[in-house]
Structure formats: structure tokens, C-alpha cells
Amino acid sequence: MAEHRHMQRAALLDAARSLLAEGGQGALTFPALAERTGLARSSVYEYFRSRAAVVEELCAADFPVWAGEVEAAMRAADSPEERIAAYIRSQLALAGDRRHRAVVAISSGELSSGARERIRAAHGSLIELVVGVLEELGHPDPRLGASLVQGVVDAAVRRAELNAEPGVEVTEHAVRMVLRGVSRES
């Protein structure tokens, strides 16, 4: 029985990912989840008490994968500057990947404060990756610098959302802007 419940929960999360990818936050409704999975609407409520709970669980599942991909891209880079560029490029590539729309959708104010706190903590671990690189570059305030780098990434993601595609142009603008800002000369 527990195995069956686990499979249904996984099916609901997959359906939620698809709905977010296809239609954004507005498409993620309990009737749509029920229709996608063939479950009764009342059954959907047995698994999740709200849309926010669905998004929260998706983030808990998907954010570590997202962070792992960013970290792997940074590890593959040769210099501190290239590691920062990889941090930016990989996040924007992931934001443009429709499967990761749930993680992008978390910025909408629908989550409980507890959920937002957990997501902030997860984001914090991502930002720590940049703090280390900025320390290496001799940045005067690596923690502030890392927050500002993430701010540029977040702004680029929002801009990309408006255009539906992040596009190379937005990404490379973000990379150039950040690298100028953290260069050793300044």
C-alpha cells in the first residue's frame, strides 16, 4: 500500500512539473492534477493540502538537482572568472529548461513563510559557491558580492521569463556585467 501511495505521489509531482512547464503557475490546479493522473480530485487532497504544498515538495525534490548541476558546471571551469560565468550560465540554462519551471515558480508569493525560509536556505548554499570564488579573487566583501551576483542572475531569469526564452543575449549580458564588477582591476 505504501509503495502504491509513493507511486501516486510521484505521478502527481510529475504532472505538476508538466503543468508548470506548459502553463506556468496558473495551470497548476487540483482539477488539472486530477485529470492528468486519473485520480479523483478528493484523492489529490489526500496527498497535498494546497498548490503551495505541491510547489514546495517539487522544490524540495528539484532544487538539490539544480544546485548539483550548477556546482558541476563551476567545477568544470578553469579559472575563478570562468567559475562565476559558469554559475550564471548554468542557472540561466536551467531556468530556460521547462522541466525546472517549478524552481523558477517559487519566487511567486504563494508559499508559506516556512517554505520560503527553506528555499532561501537552499539558495544560500548556492550563493556560498560564489562567496568562495570571490574570496579567491580577493573581493573586499565576498558575501555582499555573491548576493549581488545572484541578484543579477535573478533579474536575468525574470527578464528571460518575459521573453519566454533566456536567450544567449540576456545570459551573456549578465556574465559580462558581473565579470566587470568582480574583476581584479577595480
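For the chain, the longest principal axis of the Cα atoms and the long axis of helix 167-182 meet at an angle of about 50 degrees.
Explain nothing, just the number: dipole magnitude of the range 4-94 about its Cα centre with +1 on each Lys and Arg Cβ and -1 on each Asp and Glu Cβ, in debye rounded to the nearest 20. The partial results should precede the final answer.
Details: 10 positive and 12 negative charges, 85 e Å.
Here the range 4-94 has a charge dipole of around 400 debye.
For the range 1-94, the gyration tensor built on C-alpha atoms gives a prolate shape. Its axis ratio a/c (a ≥ b ≥ c) is at least 1.5, and a/b is the larger of a/b and b/c.
What does the extension gain come out to for D141 and A76, with contour length at 0.36 nm per residue minus their alpha carbon separation? Can you show the working numbers first?
Values: separation 65, 0.36 × 65 = 23.40 nm, distance 2.51 nm.
Taking D141 through A76 to full extension adds about 20.9 nm, to one decimal.
Among the chymotrypsin sites (Phe, Trp or Tyr not before Pro) in the range 1-105, none sits in a DSSP loop with a Cβ that has at most 10 other Cβ atoms within 10 Å.
Note on R143: accessible area approximately 130 square angstrom, rounded to 10, probe 1.4 Å, nucleic acids and ligands left out.
Using only side-chain charges placed at the Cβ, +1 for Lys and Arg and -1 for Asp and Glu, the dipole size of the chain relative to its Cα centre rounds to 520 debye. In the chain, with Lys and Arg counted as +1 and Asp and Glu as -1 at Cβ, which of these residues, Y47, V130, T171, has the Cα nearest the positive end of the dipole, that is, farthest along it? Of Y47, V130, T171, it is Y47.
The values are calculated or read from the model by the stated rules, or taken from the named source; none is laboratory data. Treat the numbers as computed from the prediction; the structure is a model and nothing was measured. Cβ coordinates were reconstructed from backbone atoms using ideal geometry, including for glycine residues, and neighbour counts include every protein chain displayed. The area values use the complete protein model at the heavy-atom level, side chains included, leaving out ligands, DNA and RNA. Shrake-Rupley method; radii C 1.70, N 1.55, O 1.52, S 1.80 Å.
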